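Note sheet for the following structure.
All of the numbers you see were taken from the coordinates with simple rules; none came from a lab. Fair warning: this is a prediction, and the values are worked out from it, not measured in the lab. Methodologically, a virtual Cβ is constructed for each residue, glycine included, from the backbone with ideal geometry; neighbour enumeration extends over all protein chains shown.
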């Protein structure tokens, strides 16, 4: 099939059947995961290494399913696929991006400590930077970024956070869209919840202390959300278009599932934020008030003088 992948519908059902087999078998007997890994991973690595582009989306989704089924830490034989995943050219084909991000998220959740080795986190954030710079892939870039924030401690990401804000503010300044702003708000909320309001405020101000951005735009400038991915049966030919494997999908997880009482949590966060910034707020208000007094004095006294 790899030598002549000319029937996309047949190919899709073949991979969908494999995904279903993995799902049902491993749910009933988790010990079968290693058997599937032994039989499938070499073939999937061959697809990726020999550049069978028609099968790239499938070759990313099936390992993602297996990674999700594994416990932590994941077996070392996944690292070869992870290395291919981090190559800059992997995310240049739009048809690969959703599946690539799906697998990358699975790795980030199950192997967060391995990310902080051999420059892998820099490569992951390089993928984020590439994806977020384009309106067609920015949402996928945020999926990568949010998964990093969810699974890595602030001590790990602190040296990268300024570069992240620079990339986001640059995109916001030069190519702002409604979809991007929505994703940015979600990211900021995640930083707020995971690392506190002070980290959010100080890291943003360190990069853009004198700039403020607004999410409002004239109605005629607003963009519609991207359309849904077409059904595989409507895909013409064998190239480019991403097709989702239904049985290789994953359930969304609540990033704040550890918070048992949201009301008390938010109250505590805001109390902390106000205590930390109370003095700063008082000084800012006094400075603004003094400026207004001087301005009014000048406007009143200048004509008399």
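General observations
- Convex hull volume per residue for the range 1-41, taking Cα atoms only, in Å³: 53 Å³
- Here the spin labels are modelled as points 7 Å beyond Cα on the Cα-Cβ line, and at residue 77 and residue 35 they lie 1.4 nm apart.
- Taken over the range 79-172, the convex hull of the Cα atoms encloses 86 Å³ per residue.
- The Cα trace of the range 119-174 gives Rg and Dmax of 10.8, 31 Å, the first to one decimal, the second as a whole number.
- Spin-label proximity, residue 175 to the range 133-167 - amide N less than 12 Å from point 7 Å beyond Cα toward beta carbon: 133-139
- With both labels modelled 7 Å from their Cα along Cα-to-Cβ, the residue 113 to residue 264 distance reads 3.1 nm.
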